[in-house]
Amino acid sequence: MRVVSGIQPTGNLHLGNYLGAIRNWVKMQDEGECLFFLADLHAISLPHNPAELAANTREMAAALIACGIDTDKSILFNQARVPAHAELQWLLNGTARMGWLNRMTQFKDKAGKHREGASIALFTYPVLQAADVLLYQATHVPVGDDQKQHLELARDIAQKFNNDFGAGEEIFTLPDPIIPPEAARIMSLRDGSAKMSKSDPSDMSRINLTDDADTIMQKVRKAKTDPEPLPGEKAGLAGRTEAENLVGIYAAMAGISVEAVLAQFAGQGFGAFKPALGELLVTQLAPIVERFNRLRQDRDAIDAELRKGADKAAILARPTLERAYAALGLQR
Ligand code: TYM
């Protein structure tokens with residue numbers, strides 16, 4: 001079992017990242033060999049500030065360690081320190097098809113109406129993501145639901161490359177996405193139809209893992225809801241996207257089922273439910289926030305961890321990269 005996953009170091013780690021992906025990363029550290037990285041190369045696909053990217057990469061590394069990523073168990077690094085990612089992307093660009101990339105919903109969302117002005121990097125972004133996982137022969141990729149389509153593309157690229165250039169051998173392993181059913185898609189606190197996201201202009205839409213207790217309580221109190229009390233059964237949440245989201249967050253945070261949350265709060269309004277949810281979040285996130293605030297002070301220590309991780313990752317990447325060059329008839 002080889003586990004590989006990444007996160008873009010743009011903005012803060014939020015509850016969607018944590019429940020959708022990072023909590024699974026932490027769990028999987030004890031189940032297989034894990035590589036986790038800051039996708040800084042992906043972050044240049046949109047306009048960015050270089051000084052902020054450098055700072056965010058360190059901060060996000062500190063946040064991941066604070067969440068429980070243990071650098072003695074897992075390999076933690078930033079993509080830019082392992083050039084094999086960019087090299088393999090170029091090799092895979094020969095296999096990925098325009099038609100496949102044209103179907104990527106995230107490109108459509110991020111490019112919006114200004115497709116002509118979008119960067120080439122934004123378009124070929126999913127090919128770099130395929131390189132990220134194929135480079136290490138990943139078998140399991142823990143992600144939130146929004147990355148499923150990118151993972152399917154990685155499988156398509158791997159399959160076509162193996163068919164076209166493998167001469168009967170499997171050069172790349174086909175990776176499986178690991179998506180937590182209870183937290184596949186955490187939604188915005190302001191709009192139950194939009195996912196919780198770093199790029200939402202309203203900070204009230206998300207819980208950041210750096211928020212203090214008062215901020216968390218206030219964001220939950222102001223979260224959009226409806227006037228109905230909570231139902232006793234899951235079916236009663238149908239069509240109530242905001243209510244469904246908050247109950248889902250409670251369930252994921254408490255490690256219990258949605259049914260169990262409803263059994264506890266059936267018939268109660270949000271006036272009772274919201275403070276309970278806020279307190280659960282504050283209690284569970286407090287140790288993470290405290291560790292993060294301590295770790296982020298020591299920039300040199302974070303850089304040293306990332307360099308150490310990158311050295312290990314580069315060694316693991318080498319054999320697959322060399323096989324890919326050779327399979328394509330590229331002499332080195
Ligand atoms: P990113 O940085 O947007 O998000 C990191 C992880 O958090 C998950 N996530 C969510 N899960 C549930 N609900 C939400 N509201 C939510 N928001 C984010 C994402 O699904 C993701 O797992 N392209 C990737 C980074 C990447 C990557 C990779 C991932 C680059 N290379 C290779 C896996 C494998 C991204 O931008 O994730």
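Observations
- Scoring residue 31 on the criteria (1) in a loop (DSSP other than H, G, I, E, B); (2) touching a Leu at 6+ places or on another chain (Cβ under 8 Å); (3) not polar (S, T, N, Q) leaves a single failure, condition (2).
- Yes/no for residue 128 being in contact (Cβ under 8 Å) with a residue 40 or more places away in the chain, more than 10 Å from the ligand (Cβ to nearest atom) and in a helix (DSSP H, G or I): no
- Extreme residue, nearest to residue 261 (Cα to Cα), among residues of the stretch 277-321 that are among the acidic types (Asp, Glu) and open to solvent by 60 Å² or more (accessible area, probe 1.4 Å): 279
- Close pairs (6 angstrom Cβ cut-off, 6 or more residues apart or separate chains): touching a residue at least 24 places away in the same chain (Cβ under 8 Å) and near the ligand (Cβ under 7 Å from one of its atoms) in the stretch 13-24, part of a strand (DSSP E or B) and not polar (S, T, N, Q) anywhere: 21/142
- A single member of 161, 172 is more than 23 Å from residue 27 (Cα to Cα), open to solvent by less than 50 Å² (accessible area, probe 1.4 Å) and in a loop (DSSP other than H, G, I, E, B), and it is 172.
- Failed condition for residue 47, given (1) within 11 Å of the ligand (Cβ to nearest atom); (2) in a loop (DSSP other than H, G, I, E, B): (1)
- Screening residue 200 against (1) open to solvent by 50 Å² or more (accessible area, probe 1.4 Å); (2) part of a loop (DSSP other than H, G, I, E, B); (3) charged (D, E, K, R); (4) closer than 30 Å to residue 60 by Cα leaves a single unmet condition, (1).
- Annotation note: Cβ proximity below 9 Å between a residue of the stretch 311-322 that is part of a helix (DSSP H, G or I) and a residue that is modelled with pLDDT under 95 and not aliphatic (A, V, I, L, M) (sequence gap 6+ or interchain) occurs for 322/332.
- Residues being under 15 Å from residue 320 (Cβ atoms), of a type in the set (Ser, Thr, Tyr) and touching a helix residue (DSSP H, G or I) at 6+ places or on another chain (Cβ under 8 Å) - total across the stretch 109-143: 1
- Considering 197, 205, the condition of being within 14 Å of the ligand (Cβ to nearest atom), in contact (Cβ under 8 Å) with a residue 12 or more places away in the chain and under 13 Å from the mean Cα position of the chain (by Cα) is satisfied by 197 alone.
- Residue that is outside any loop (DSSP other than H, G, I, E, B), within 15 Å of the ligand (Cβ to nearest atom) and touching a residue at least 12 places away in the same chain (Cβ under 8 Å), where the choices are 96, 66, 121, 62: 121
The values are calculated or read from the model by the stated rules, or taken from the named source; none is laboratory data. Note that the structure is predicted; figures quoted are calculated from it, not measured. Every residue, glycine as well, gets a Cβ built from its backbone with ideal geometry; the counts of neighbours run over all protein chains shown. Heads up: the accessible areas ignore ligands, DNA and RNA and are worked out on the full protein's heavy atoms, side chains in. Shrake-Rupley method; radii C 1.70, N 1.55, O 1.52, S 1.80 Å.
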